[in-house]
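Take a look at the structure set out below.
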Amino acid sequence: MKEEIVIVNGITIKLFDQPHTFQVRSESRHDQWYGVDLIENRGLGFCTCPHFSARLLPEYSIIDGMTKDKRRYRCKHIKACRELLTDEVLFKLKQIEENRSEF
């Protein structure tokens, strides 16, 4: 697959073959990229950025992932990738629905 880059809410994201893994460019250091995996940690996601690994993941681990609302434990990189993936899924669903109505 050729590398594809998209921008979501001003955040630059590289897409890869696996639909749940991404690289996200740091907004403060443009030569720095963070790895994001959306299915790690029981659906919380994982990011290699310092904010997630040093602050958010340890807090989430303390409560042992028992909260239903995981949004507060996701960094902006994970949130941007989830938004991108959600938009893609909704677009595909709309196409499927339109194709059904043609028959």
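Listed values, structure above:
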quantity: Residue within segment 81-103 that is of a type in the set (A, V, I, L, M, F, W, C), touching a strand residue (DSSP E or B) at 6+ places or on another chain (Cβ under 8 Å), surrounded by 11 or more Cβ atoms within 10 Å (Cβ to Cβ) and free of Cβ contacts under 8 Å to residues at least 40 places away in the same chain present; calculated: no
quantity: When residues of segment 12-34 are limited to those that are charged (D, E, K, R) and over 12 Å from the mean Cα position of the chain (by Cα), the one surrounded by the most Cβ atoms within 10 Å (Cβ to Cβ); calculated: R25
quantity: Search result, residues across segment 35-71 that are surrounded by fewer than 14 Cβ atoms within 10 Å (Cβ to Cβ), without any contact (Cβ under 8 Å) to a residue 12 or more places away in the chain and in contact with a Cys (Cβ under 9 Å, 6 or more places away or on another chain); calculated: R55
quantity: Extreme residue, modelled with the highest pLDDT, among residues of segment 50-74 that are farther than 18 Å from V24 by Cα and not in a helix (DSSP H, G or I); calculated: K70
quantity: R82 vs. criteria on the phi < 0 side of the Ramachandran plot and either part of a loop (DSSP other than H, G, I, E, B) or among the hydroxyl-bearing types (S, T, Y) (or both); calculated: no
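The values are calculated or read from the model by the stated rules, or taken from the named source; none is laboratory data. Keep in mind the model is a prediction, meaning the values are calculated, not measured. Quick reminder, even Gly has a Cβ in these numbers, built from the backbone with ideal geometry, and neighbours come from all protein chains shown.
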